[in-house]
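Encoded as structure tokens, the structure appears first; notes follow it.
Every number in this text was worked out from the coordinates using simple rules, so none of it is lab data. These figures come from a predicted structure and were not determined experimentally. Every residue, glycine among them, receives a Cβ derived from its backbone with ideal geometry; neighbour counts consider all protein chains shown.
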Amino acid sequence: MTDDKGCFVTATETITEPTPINPNISHTNLSCSASTNILGTITVDASGGTSTYIYEINNNDYSFTDSYDTSSGTNDHTFTGLNFGDYTVRVIDNNGCESISTVTITTGPDVLITTSPVTGCAPGTGEMLVEAAASNGTLGTGTFYFAIYPETTWYAGHPDWYLQDGGAGSPPYTHNFTGLNPGVTYTFIVYDSDTGCQYIQEATVPVTTNSTLTSTVDAITNVSCFGSVDGSVDFTFDSYTGTQVDYEIYTFVTNNTTGITGSATGLSGAPYSDSLAVWYQVNITYSLLK
């Protein structure tokens, strides 16, 4: 500091900053008791940053949301009752700084074998054979029922649940799904009537396609803030044979449409790039129809 006579004094101060937030997250996957599924959990016990913390959690479609403020109790907190899927965990410290993590709740060991023996091209022409691996020690002895994820809880006679091909109590423990979209990787559920448990697993391969059409995601722009409409996905497709390609964005895992579509016409065979606006949080799969 210098006064109006030119006299001055020098002092040294050290400005520090908090350490980075460490969310310290652990989780348990879905498991099976003697008669039913036990849902998953996510435990958060943050450190670093500036305490106290707020923990927020949601799944991809926001059908599950919850929060916890450590100022109201202990520093650690366990979110319970979590079903299959990806969860976003936010830790917000007392300065408003945040740490964001993704946690996947699964059903543990692989219990489904999936193959796609029939090649298709147009929507609804694909097939996928799903087998319950009853010999791996995780599943019971059946009878097994199969469905495409997501699906409501199994009950006898449910039209979207399919009895194993061998019939009740008899192998083969399989079901061949038809009417699927080629190139899509589906997630399937098997219900084991012996234990009352459901197991959910993504197929090991996509539905086989005989199309030469290929695509790549070039860039993704996240929505900047809740309620904003500035998200987008940029992509390029190539190796098509027609003059028109239609495309649509689906929610990843569930393969439910977002209603976001586009179309390119008058194509000449060269690579084509486009961008589609996405106005809410979604893990995407996009479908191209030539």
Original post:
For ALA133, which sequence-distant residues (separation of 5 or more, or a different chain) have an amide H within less than 5 Å of its own amide H, given hydrogens modelled in the peptide plane?
Top reply: LEU112, ILE113
Original post:
Roughly speaking, what is the stretch gain from ASP69 to VAL229, that is 0.36 nm per residue apart minus the C-alpha to C-alpha distance, in nm to one decimal?
Top reply: 54.7 nm
Subject >> Under Karplus coefficients 6.51, -1.76 and 1.60, residue-wise ³J(HN,Hα) of region 146-161 in Hz, glycine/proline x >> reply: 10, 8, 8, 6, x, 8, 5, 4, 5, 8, 4, x, 4, x, 9, 10
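Report the semi-axes of the equivalent ellipsoid for region 25-105 in whole Å, largest first, where each axis is √(5λ) for an eigenvalue λ of the Cα gyration tensor. Working shown, then result.
Numbers: eigenvalues 125, 34, 19 Å².
Each semi-axis is √(5λ); the values are 25, 13, 10 Å.
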Original post:
Hey, how much of the P(r) for region 1-143 falls beyond 19 Å, as a percent of Cα pairs?
Top reply: 68 percent
Subject >> region 112-202 - percent relative contact order, Cα under 8 Å, separation 6 or more >> reply: 34 percent
Subject >> Nitroxide proxy distance, nm - points 7 Å out along Cα→Cβ at THR153 and SER33 >> reply: 1.3 nm
Original post:
Given springs between every Cα pair under 10 Å in a Gaussian network model of the chain, which of VAL118, VAL229, VAL130 has the largest fluctuation?
Top reply: VAL229
Subject >> region 56-73 - phi-based ³J(HN,Hα) in whole Hz, Karplus 6.51/-1.76/1.60, Gly and Pro as x >> reply: 10, 9, 8, 8, 4, 9, 6, 6, 10, 9, 7, 8, 8, 10, 5, 5, 9, x
Original post:
Given R₀ = 51 Å, FRET efficiency for SER170-SER239 by Cβ-Cβ distance, to 0.05?
Top reply: 0.70
Original post:
Taking the chain as a Gaussian network, Cα atoms linked when under 10 Å apart, which of THR14, THR115, THR36 shows the biggest mean-square fluctuation?
Top reply: THR14
Original post:
If each Cα of region 59-107 is one equal point scatterer, what is log10 of I(q)/I(0) from the Debye formula at q = 0.13, 0.17, 0.25, 0.32 Å⁻¹?
Top reply: -0.35, -0.59, -1.10, -1.34
Original post:
Of the labelled options (1) 39, 21, 16; (2) 45, 31, 13; (3) 34, 23, 20, which one gives semi-axes √(5λ) of the Cα gyration tensor in Å as computed for this structure?
Top reply: (2)
Original post:
What nm distance separates the two modelled labels at ASP218 and GLU13, each placed 7 Å from Cα along Cα→Cβ?
Top reply: 5.0 nm
Subject >> Amide H contacts of GLY48 (H built 1.01 Å from N, under 5 Å, at least 5 apart or other chain) >> reply: ASN22
Subject >> Amide H within-cut-off set for ASN58, under 5 Å, with H built and near neighbours excluded >> reply: THR88
Subject >> Calculated from backbone phi, Karplus (6.51, -1.76, 1.60) coupling profile of region 77-86 in Hz, x at Gly/Pro >> reply: 8, 10, 8, 10, x, 8, 8, 4, x, 8
**OP:** Determine the relative contact order of the chain: mean sequence separation of Cα pairs under 8 Å and six or more apart, normalised by residue count, in whole percent.
**Re:** 13 percent
